[in-house]
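Heads up: the structure comes next, in C-alpha cells.
Derivation of every value follows stated rules applied to the coordinates shown; laboratory data play no part. Since this is a predicted model, take the numbers as computed values, not measurements. All Cβ positions, glycine included, derive from the backbone under ideal geometry; neighbour counts span all protein chains shown.
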Amino acid sequence: MKIKFQADSDLNEDILNGVIRRVPEIDFRTASDASLVGLDDPTVLALAASEGRILVTHDRRTMPHHFADFIEVETSPGLIVVSQKAPVGTIIDDLILIWHVSDPSEFLNSVRTLPL
C-alpha cells in the first residue's frame, strides 16, 4: 500500500504541482478537491483521516496542537509540517522520497517535519 497525501489549504501549490508533475502516480489531493478551504483544523484532520491521507501543511502554529488533540480520540494517517522557508524543490524531493520508501504505517499518529 502506498502513502496518500492531502494538501492543507495553506500548502504552497507549487509543492503539490511539482510532486504530481514529477511522479504523476502519487495520490496527492488538493485542498480544493477535498473541499477543505475555510474549514477549521479539527475538521481538516478528520476529513484527511477518513480518506486515509497524510495531511501536508505549512501550519506549524496551530495544526500540531489540533493533531495532538485529534489522536487522543481518533487514529490519523499522520501529519507532515513543511517549513515555508525551505526551497520548494527540496520539499518536492522529500515528499517523493517519502512516497517511494515509506510505508503508511510509519506515519500513523505521528508528526514529521520537512525538510528531512
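So the values come out like this:
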{"read-out": "Cα radius of gyration and Dmax for the chain (Å)", "value": "12.7, 36"}
{"read-out": "Environment charge of L47, counting only residues whose C-beta is closer than 12 Å and scoring Lys/Arg +1, Asp/Glu -1", "value": "-4"}
{"read-out": "Nearest 10 degrees, 0 to 90: helix 41-50 Cα axis against the chain principal axis", "value": "70 degrees"}
{"read-out": "Relative contact order [Cα under 8 Å, 6+ residues apart], segment 73-116, whole percent", "value": "68 percent"}
{"read-out": "Surrounding net charge for N109, when Lys and Arg each add one and Asp and Glu each subtract one, Cβ distance under 15 Å", "value": "-3"}
{"read-out": "Amide H within-cut-off set for T113, under 5 Å, with H built and near neighbours excluded", "value": "V81"}
{"read-out": "Whole-angstrom gap from segment 30-74 to segment 88-115, using each part's C-alpha centre", "value": "16 Å"}
{"read-out": "Residue-by-residue Karplus 3J(HN,Hα) for segment 103-115, coefficients 6.51, -1.76, 1.60, Hz, glycine and proline x", "value": "9, x, 5, 5, 9, 3, 6, 10, 10, 10, 10, 10, x"}
{"read-out": "Taking segment 4-114 and dividing mean pair separation by its residue count, relative contact order in percent (alpha carbons under 8 Å, at least six apart)", "value": "30 percent"}
{"read-out": "Ranked H58, H100, criterion: other C-beta atoms within 10 Å, fewest first", "value": "H100, H58"}
{"read-out": "Acute angle (nearest 10 degrees) that the helix 88-101 long axis makes with the longest principal axis of the chain, alpha-carbon atoms", "value": "80 degrees"}
